[in-house]
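Scroll down for the structure; my scribbles are underneath it.
The values are calculated or read from the model by the stated rules, or taken from the named source; none is laboratory data. Since this is a predicted model, take the numbers as computed values, not measurements. Glycine also receives a Cβ, built like all others from the backbone with ideal geometry; neighbour counts cover every protein chain displayed.
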Amino acid sequence: MERKSGILLALSSLPGNQGIGDMGKSAYTFVDLLAKNGIKIWQLLPLHPLGYGNSPYQPYSTYAGEELYINIDQLAEWGLLKMSSIRNFRKFKETVSYQEVREFKEPYLRKAYRYFKKYPALFQADYEQFCETSAWLETYAMFRALKKQNQERCWVEWSEKDKNWIKTREVRKDLADEAAYHKFLQFVFYKQWTALKRYANHKNVQVMGDMPIYVGLDSADVWENRHDFCLDAHGNPTSVAGVPPDYFSPYGQRWGNPIYQWNRLKKDRYDFWVRRLSWAKQQFDMIRIDHFRAFDTYWKIPASCETAVEGEWVEGPAYDFFNRIFRVMPDIQIVAEDLGDLREEVHQLRDHYQLLGMRVLQFEMEPKRLKKGLPEHVIVYSGTHDNMTSESWYEEQSKNKKIALRRFFHNRDYNERHFHDLLNHFALNSEAVLAILPMQDVLGLHDTGRMNTPATIGSPNWEWKLKNFKDVEKELARLAVWIQESNR
């Protein structure tokens with residue numbers, strides 16, 4: 001594999017004149033900056049509809065796109081809105097206020113939908129093709145319509161009639177327009193996304209998507225496929241996902257996602273996952289699967305437990321699963337998020353299919369470990385969306401450790417003043433075939449730029465965004481020199 005560099009930056013974190021990063025001009029400007037500076041990979045967080053706590057890892061669907069990422073200006077360029085009616089909103093803020101942005105954008109989206117209904121011939125052929133090739137669309141649209149009908153509550157709390165619509169699929173004239181509105185949103189989302197990804201690929205920039213291994217309880221996926229999950233007769237989980245106590249939390253992480261019934265999935269030849277990965281493969285050049293280790297063994301927590309301390313390790317589908325996936329999609333490019341304290345079988349599973357694993361330098365920051373170097377067939381990161389920024393991590397270390405780390409880097413002719421620069425330069429020069437740096441570490445931000453703190457919910461998680469590209473341009477230009485020197 002060719003040595004490459006990349007940047008990890010959530011779409012929501014791009015600068016934007018409408019309160020959040022989206023698929024407008026800033027996204028294209030960012031791609032141009034990557035291409036100009038020899039950076040060949042843009043890694044994103046999941047793009048799906050944000051659920052509980054605005055987390056991209058608790059989405060309403062693993063197929064649909066989040067409507068907040070639709071750029072309103074482009075809708076005007078397509079003739080669905082008048083450009084003169086669009087105003088800026090929180091343009092220079094460095095955080096995303098999701099509820100405010102949602103309230104700002106929805107009237108524009110509703111107005112564009114009304115125009116779309118009035119003049120259907122504008123996009124008729126493209127719209128019909130999208131509906132025909134998106135098998136998930138009808139169910140998702142009704143799911144969102146029913147959620148609104150039920151005051152946005154989780155489907156488990158809906159009336160029996162609404163909860164069980166999926167079994168009868170009866171015509172609901174009272175919800176037809178709301179469902180059609182969500183189909184329209186998905187059409188324009190993927191119209192904008194397809195154009196953006198095509199532009200990135202044209203600029204020789206690959207796009208790496210991120211797929212949570214689990215799906216949210218409050219999702220069209222679980223609502224439709226209840227038999228594939230550990231649920232009781234009312235739809236409530238009997239067992240939930242998470243991890244036991246670890247580096248991030250002494251109580252572990254109780255994510256709350258329902259656990260898969262892998263024996264049932266196996267009988268269906270993993271059709272749920274085949275469809276899911278097939279769709280993701282269409283949208284991205286590479287797919288990082290979060291919490292890869294759960295294919296080998298997963299932590300099963302009784303739903304009655306409030307923390308992740310209680311639970312048991314259960315064997316996952318492992319080779320049987322991946323044999324099926326690669327038989328159907330032999331050219332799919334999967335990245336394994338293989339972090340944490342893992343048993344050797346996880347590495348064997350990863351290596352059997354020659355999947356790229358991950359190394360995070362914050363977890364390697366002992367001079368003795370650093371001297372050993374890194375394996376070649378991995379992606380090296382300074383940190384991830386779940387880590388402290390590198391500068392904040394460094395500030396928390398003891399005086400002796402700081403001295404030892406700087407001595408290590410300086411002895412290898414890394415003379416940068418700031419710790420994040422030392423780490424970035426080292427990552428790019430490493431043996432790892434891919435080196436991906438979070439934008440926060442490129443900019444040398446402290447923890448005001450942190451994207452997520454595991455085991456916590458709500459603000460300020462997922463809210464950081466760029467104010468503009470001024471500092472980004474300068475820092476990427478500096479990075480470009482190291483990229484060239486490191487043959488990336």
- line: Flagged in the stretch 218-230 as buried (at least 21 other Cβ atoms within 10 Å of the Cβ), of a type outside the set (D, E, K, R) and either out of contact with any helix residue (DSSP H, G or I) (no Cβ under 7 Å at 6 or more places or on another chain) or more than 22 Å from GLY51 (Cβ to Cβ) (or both), in numbering order, are SER219, VAL222
task: For the stretch 80-120, name all the residues that are more than 21 Å from LEU11 (Cβ to Cβ), of a type in the set (Ser, Thr, Tyr) and not in a helix (DSSP H, G or I).
output: TYR119
Residue selected from the stretch 264-296 under the condition within 21 Å of LEU217 (Cα to Cα) and in a strand (DSSP E or B), by the criterion modelled with the lowest pLDDT: ASP290
message: Pairs needed: first member in the stretch 157-180, at negative phi and assigned to a helix (DSSP H, G or I); second member anywhere, at pLDDT 95 or above and among the small types (Gly, Ala, Ser); C-beta distance under 8 Å; at least 6 residues apart or different chains.
response: LYS163/GLY235; LEU175/ALA145; GLU178/ALA145; ALA179/ALA141; ALA179/ALA145; ALA180/ALA141
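What are the residues in the stretch 35-51 that are on the phi < 0 side of the Ramachandran plot and either part of a strand (DSSP E or B) or surrounded by fewer than 22 Cβ atoms within 10 Å (Cβ to Cβ) (or both), if any?
Just the residues of the stretch 35-51 that are on the phi < 0 side of the Ramachandran plot, to begin with: 35-37, 39-51.
ALA35, LYS36, ASN37, LYS40, ILE41, TRP42, GLN43, LEU44, GLY51 - these are the residues of the stretch 35-51 that are on the phi < 0 side of the Ramachandran plot and either part of a strand (DSSP E or B) or surrounded by fewer than 22 Cβ atoms within 10 Å (Cβ to Cβ) (or both).
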message: As an exercise: evaluate PRO244 against (1) farther than 20 Å from THR62 by Cα; (2) touching a Gly at 6+ places or on another chain (Cβ under 7 Å); (3) free of Cβ contacts under 8 Å to residues at least 12 places away in the same chain and give the number of the one condition it does not meet.
response: (3)
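Check ARG90, ARG102, ARG110 and return the single one that is modelled with pLDDT under 95, out of contact with any Ser or Thr (no Cβ under 6 Å at 6 or more places or on another chain) and not aromatic (Phe, Trp, Tyr). Break it down stepwise before answering.
Working: ARG102 fails: modelled with pLDDT under 95; ARG110 fails: modelled with pLDDT under 95.
Just a single option satisfies the conditions, and that option is ARG90.
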- prompt: Would it be correct to say that SER304 is surrounded by 17 or more Cβ atoms within 10 Å (Cβ to Cβ), within 25 Å of PRO56 (Cα to Cα) and small (Gly, Ala, Ser)?
  reply: no
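For the stretch 121-148, how many residues meet the condition of being part of a helix (DSSP H, G or I) and buried (at least 17 other Cβ atoms within 10 Å of the Cβ)?
To start, the set of residues in the stretch 121-148 that are part of a helix (DSSP H, G or I) comprises 121-122, 124-133, 137-148.
If we keep only those that are buried (at least 17 other Cβ atoms within 10 Å of the Cβ) as well, we get 127, 130, 137, 139-147.
Qualifying residue count for the region: 12.
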task: Assess whether ARG343 counts as being over 21 Å from SER486 (Cα atoms), out of contact with any helix residue (DSSP H, G or I) (no Cβ under 6 Å at 6 or more places or on another chain) and buried (at least 19 other Cβ atoms within 10 Å of the Cβ).
output: no
Candidates SER390, SER430, filtered to the one that is of a type in the set (Ser, Thr, Tyr) and more than 22 Å from GLU473 (Cα to Cα): SER430
- prompt: If you check every pair at least six apart or on different chains, which have Cβ atoms under 8 Å apart with a residue in the stretch 325-351 that is touching a residue at least 40 places away in the same chain (Cβ under 8 Å) first and a residue that is assigned to a helix (DSSP H, G or I) and small (Gly, Ala, Ser) second?
  reply: VAL328/SER278; MET329/SER278; GLU345/ALA318; LEU349/ALA318
message: I want to confirm something. Restricting to the stretch 247-262 and keeping residues that are in contact (Cβ under 8 Å) with a residue 40 or more places away in the chain and in a loop (DSSP other than H, G, I, E, B), which single residue is surrounded by the fewest Cβ atoms within 10 Å (Cβ to Cβ)?
response: TYR247
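Any chance you could count how many residues in the stretch 395-404 are hydrophobic (A, V, I, L, M, F, W, C) and loosely packed, with under 14 Cβ neighbours inside 10 Å? If you could, list the steps in order and put the result at the bottom.
Of the stretch 395-404, the ones hydrophobic (A, V, I, L, M, F, W, C) are 403-404.
If we keep only those that are loosely packed, with under 14 Cβ neighbours inside 10 Å as well, we get 403.
Matching residues across the stretch 395-404 total 1.
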query: Looking at (1) in a loop (DSSP other than H, G, I, E, B); (2) touching a His at 6+ places or on another chain (Cβ under 6 Å), can you tell me which one ARG153 breaks?
result: (2)
- line: Here the qualifying pairs (Cβ atoms under 7 Å; residues six or more apart or on different chains; first in the stretch 434-451 and at positive phi; second buried (at least 23 other Cβ atoms within 10 Å of the Cβ)) come out as GLY444/HIS420
Single condition PHE408 does not satisfy, out of (1) aromatic (Phe, Trp, Tyr); (2) more than 29 Å from the chain's Cα centre (by Cα); (3) within 24 Å of ILE39 (Cβ to Cβ): (3)
- request: Report, ordered by the first and then the second residue, all pairs with beta carbons closer than 6 Å, sequence separation of six or more or different chains, a first member in the stretch 297-321 that is assigned to a loop (DSSP other than H, G, I, E, B), and a second member that is modelled with pLDDT under 95 and of a type in the set (Gly, Ala, Ser).
  value: ALA308/GLY242; ALA308/GLY252; VAL309/GLY252
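Looking at the structure I just gave you, is MET1 out of contact with any Asp or Glu (no Cβ under 7 Å at 6 or more places or on another chain), at pLDDT below 95, of a type outside the set (Phe, Trp, Tyr) and in a loop (DSSP other than H, G, I, E, B)?
Working: out of contact with any Asp or Glu (no Cβ under 7 Å at 6 or more places or on another chain): yes; at pLDDT below 95: yes; of a type outside the set (Phe, Trp, Tyr): yes; in a loop (DSSP other than H, G, I, E, B): yes.
Yes.
Here is a yes/no grid of residues against (1) surrounded by fewer than 15 Cβ atoms within 10 Å (Cβ to Cβ); (2) among the hydrophobic types (A, V, I, L, M, F, W, C); (3) within 14 Å of LEU8 (Cα to Cα):
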site	(1), (2), (3)
SER430	no, no, no
ILE436	no, yes, yes
MET439	no, yes, yes
THR448	yes, no, no
ILE457	yes, yes, no
VAL472	no, yes, yes
GLU475	no, no, no
VAL481	yes, yes, no
- request: Kindly list, by first and then second residue, each pair from a residue in the stretch 54-78 that is surrounded by fewer than 24 Cβ atoms within 10 Å (Cβ to Cβ) to a residue that is among the basic types (Lys, Arg) and modelled with pLDDT under 95, limited to pairs with Cβ atoms under 6 Å and residues at least 6 apart or on different chains.
  value: none
- request: Considering (1) crowded, with 20+ Cβ neighbours inside 10 Å; (2) within 20 Å of ASP246 (Cβ to Cβ); (3) of a type in the set (Ser, Thr, Tyr), say which one SER392 fails and leave the rest.
  value: (1)
